[in-house]
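Contents: one structure, followed by commentary.
The values are calculated or read from the model by the stated rules, or taken from the named source; none is laboratory data. Small disclaimer: the values here were computed from a predicted structure and weren't measured. Don't worry about glycine lacking a Cβ; one is built from the backbone with ideal geometry, like all the others, and counts go over all protein chains shown.
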Amino acid sequence: MSNTDQVQRILFDNVDVRGVVTALQSSFQEVMAGHSYPPVIENILGEMLAAVTILSTNLKFNGKLILQAKGQGSVSTLMAECNHRNECRAFAQFDEGIPGQLSFKEMLDKGHLVLTIEPDVGRRYQGYVPLEQESLALCLEEYFQRSEQLATKFILACDGQKARGIMLQVLPAMQSGTDDWQRLALLTQTLSAAELLALDNETLLYRLFHEEQCRLFTPEQIEFKCQCSRQRSEKALTLLDAAELREIIEERGSIDMGCQICNSNYSFDAVDVEAICRDKEARKSGQVQ
Ligand SMILES: [Zn+2]
């Protein structure tokens, strides 16, 4: 398949429907690296990643889109995010003894799906939908129907090596009940997960929409990039009291700040921590004066 680690918009002439198709391979594998997730988790995280890379193409500002599924089943949290630069990351929290075979509903029992749009500057927007459908794709369709009254069709798939997704959505100008939408949604529905995983975008477009007038936009590259940094970890440490920080150093010799998403570790030794404490104290006395 030639469209790896790319997201590509589909333009329909004469129909108010937008389309996006995505393919993650190296980026998906990098997200999974170092986590030893069981296949059942890899597959659902792959679908989450495919979904966020599709949805973030609609960001109209610098910022990120975060999709979270939280439940009371064997999986407590699934998170995937993608920013306006198409940098994505994801992680999962789940029970140790999670069964090898698990339906989406069993995985996230009594759960809900939260979609957060977080601009770099300004207020964030959050919406949610209960996880009552049989798949992530169906939950997302329900989310857009309920929250934005936009008819949407998602097909998502992951085989442990790559993640693929396609979305069609009516533009706000169009009535979702029109014949054009019904026809395009039905055509999309005929696509199996196996086909989605096997076909490149051009072939996929021909397979689904050869009787429609549509084109693919220039593809955009997707990459895995965690947003954690030593600087951010240091900022988090400054939120603790100086006395508390010195106490930890006294006990353990250093403070390790691990990123649960990419497994990076940022270590702060006695010298680093003392510098943070002095800086805190200097600011504090500056404020008092
Ligand atoms: Zn990280």
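Couple of notes before you dig in:
- Between Glu118, Glu47, the distinction of being in the same structural domain as Leu140 (by TED's automatic domain parsing) and touching a Lys or Arg at 6+ places or on another chain (Cβ under 7 Å) belongs to Glu118 only.
- Some residue of region 106-118 being without any contact (Cβ under 8 Å) to a residue 24 or more places away in the chain and more than 16 Å from the ligand (Cβ to nearest atom): no
- The set of residues in region 19-53 that are under 12 Å from the mean Cα position of the chain (by Cα), of a type outside the set (Asp, Glu) and either surrounded by fewer than 18 Cβ atoms within 10 Å (Cβ to Cβ) or closer than 19 Å to Leu131 by Cβ (or both) comprises Ile44, Leu45, Gly46, Met48, Leu49, Ala50, Ala51, Val52.
- Contact annotation: residue pairs with Cβ atoms under 9 Å, 6 or more positions apart or on different chains, pairing a residue in region 218-235 that is in contact (Cβ under 8 Å) with a residue 12 or more places away in the chain with a partner that is in a helix (DSSP H, G or I) and among the small types (Gly, Ala, Ser), are Ile222/Ser27; Glu223/Ser26; Glu223/Ser27; Phe224/Ser26; Phe224/Ser27; Lys225/Ser27.
- Among residues of region 186-204 that are more than 19 Å from Thr4 (Cβ to Cβ), those with a beta-carbon under 7 Å from a residue that is surrounded by 14 or more Cβ atoms within 10 Å (Cβ to Cβ) at least six positions away or on a different chain give the pairs Leu187/Leu208; Leu187/Phe209; Thr188/Lys153; Thr188/Ile155; Thr188/Ile166; Thr188/Leu168; Thr188/Leu208; Gln189/Lys153.
- Candidates Ile255, Ile276 - the one that is β-branched (Val, Ile, Thr) and either outside any helix (DSSP H, G or I) or within 16 Å of the ligand (Cβ to nearest atom) (or both): Ile255
- Condition check for Thr22: in a strand (DSSP E or B), among the hydroxyl-bearing types (Ser, Thr, Tyr), assigned by TED's automatic domain parsing to the domain that holds Arg183 and modelled with pLDDT of 95 or more: yes
- Screening the candidates Leu245, Leu237 for the property of being touching a helix residue (DSSP H, G or I) at 6+ places or on another chain (Cβ under 7 Å) and either within 16 Å of the ligand (Cβ to nearest atom) or within 28 Å of Ala92 (Cβ to Cβ) (or both) yields one hit, Leu237.
- Strands (runs of 3 or more DSSP E) lying entirely in region 46-124 (those with 3 or more residues that are over 23 Å from Val20 (Cβ atoms)): 75-83, 87-94
- Single unsatisfied condition, Leu205 versus (1) assigned by TED's automatic domain parsing to the domain that holds Gly46; (2) touching a strand residue (DSSP E or B) at 6+ places or on another chain (Cβ under 9 Å); (3) loosely packed, with under 12 Cβ neighbours inside 10 Å: (3)
- Number of the condition not met by Ile41 [criteria: (1) touching a residue at least 24 places away in the same chain (Cβ under 8 Å); (2) out of contact with any Phe, Trp or Tyr (no Cβ under 8 Å at 6 or more places or on another chain)]: (2)
- Looking across region 134-159, the residues that are more than 13 Å from Ala193 (Cα to Cα) and small (Gly, Ala, Ser) come down to Ser147, Ala151.
- Candidates are the residues of region 210-236 that are out of contact with any Asp or Glu (no Cβ under 9 Å at 6 or more places or on another chain) and outside any loop (DSSP other than H, G, I, E, B); the one that is nearest to Gly46 (Cα to Cα) is Glu220.
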